[in-house]
Amino acid sequence: MYKRILTVQDISCVGQCSLTVALPLLSACGLETAILPSAVLSTHTAGFKGYTFRDLTEDMPKIADHWRKEKISFEAIYTGYLGSAEQIAYVIDLMRTTLAPGGRTIVDPAMADNGKLYPGFDAAFVAEMRKLCAEAQIIVPNITEACQLTGDEYRETYDEAYIDALLANLTKIGAKTVVLTGVSYDAATTGVVTWDGKEKKYYRHRKISKSSHGTGDVYASVFTGALMRGLSVYDAARVAADMTVVAIERTVDDESHWYGAKFELMIPDLVKTLSEEAPE
Ligand code: PXL
C-alpha cells in the first residue's frame, strides 16, 4: 500500500536537520510525505550564531482546518522540533482528527541533548511536550529528553538499573512505546532500547566518538520510514541505528562538516536494506 505520512517539524534552511533530513529520507523509504513546518530558521540553533526564527504557530490551525475540509488523512503523523509550546495543542488536535484508521503516531521530543535543553525551550514547553508524548503511540527520545520528561536526574554514566527506572517513569507519564536512543554501557558501543511497558530489548552498535548534529533527526526519520514499510518497532529501531552509524561514519573525517551528518551518502544503503527487509 502506498502510504501518506505527515511530518511536523521546522525548516532549518541550512544545517541538515529537521525537514531537510526527514523529507528526503522518508521519500527514500517510498512514502508520500506531507509536511507541516513548525518554524523557519536560517540555520539550526546548535553552533550557528544569530540565526533567524519565524514561528509558524498561527498558520497551524488554518492549515489543519483546510486539510479537514478536504478530508485529507494520514497513515502516520511523525513530529520533531516544534516552534512553541502553543503548537502542541494543535498537533494533538491534528493527531485526533486527521490520522487514518489504524494510523501510527511517532513523536521525537526534539528539545534537548547532552544534559541541556536547546536554546528557546523552557519548563512550559517541556510540560506541553509531556502531553504530546502521552498522546503518541511511540516516542523516540534521547536520554536527556527522557530525563526532561520524567524529572529524572541526567547522568553521563549509568547502569541498566538507571535506564530501567527512566523507562518505568516514561510509562508513568503515559508513554506507550519508547525507543530510547544513545544508551551506552561501555566506551566502545552505544545502542537503542525499545520498551512497551512490558518487554525491553536492546540493540547495541558501534559508537563513533565524535558526535554529529542532526543525527537524532536521521534516526527518527529512518525509524518512522522503516516502521511504515512494515518493520516491527525493534527492527525499525535496529535499521535506524545501523543507518545513522553509516551516515556518521561518512561524515566524521570531514572537519568542515561540523553542523550536520552527510546522510545523503547513506541513502543507497537505506534503499537496499528496505528492499531486502521490508514486507510492504
Ligand atoms: O536536530 C534537532 C534540531 C532541529 N531543529 C532545530 C535545531 C535542532 C537542534 O539543535 O536547532 C532548529
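Bear in mind these aren't lab numbers, they're just calculated from the coordinates by the rules spelled out. Owing to the predicted nature of the structure, the values given are computational and were not obtained by experimental measurement. Glycine gets a Cβ as well: all are built from the backbone with ideal geometry, and neighbour counts include every protein chain shown.
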Region 61-111: radius of gyration and largest Cα-Cα distance (Dmax), Å: 11.0, 32
Spin-label pair Lys62/Thr189, simplified geometry with 7 Å Cα→Cβ offset, distance in nm: 5.2 nm
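Could you give the length gained on full extension between Lys210 and Ser232, defined as 0.36 nm per residue of separation minus the Cα-Cα distance, in nm?
Additional length available on full extension: 5.0 nm.
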Label zone at Val40 (point 7 Å along Cα-to-Cβ), backbone N below 17 Å, region 53-67: 53-63
Dimensionless Rg over Rh [the chain; C-alpha; Kirkwood]: 0.93
Distance (nanometres) between label positions extended 7 Å along Cα→Cβ at Lys272 and Tyr2: 2.8 nm
Sparse-neighbour loop sites [trypsin sites (Lys or Arg not before Pro); region 201-280; at most 12 other C-beta within 10 Å; DSSP]: Lys210
Percentage relative contact order, the chain, counting C-alpha pairs under 8 Å, at least six apart: 17 percent
Dipole magnitude of the chain, debye to nearest 20 (Cβ charges: Lys/Arg +1, Asp/Glu -1, about Cα centre): 440 debye
Where the Cα pairs of region 181-268 fall when distances are cut into 5 Å bins, in %: 3, 15, 24, 24, 19, 10, 4, 1, 0
Restricting region 16-70 to trypsin sites (Lys or Arg not before Pro) in coil, as DSSP defines it, with at most 16 other Cβ within 10 Å: Lys49
Between region 182-241 and region 89-108, the alpha-carbon center distance in angstrom: 23 Å
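Please order Cys147, Cys133 by the number of other Cβ within 10 Å, starting at the fewest.
Ascending number of Cβ neighbours within 10 Å: Cys147, Cys133.
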Charge dipole (debye, nearest 20) of region 74-177; +1 at Cβ of Lys and Arg, -1 at Cβ of Asp and Glu: 340 debye
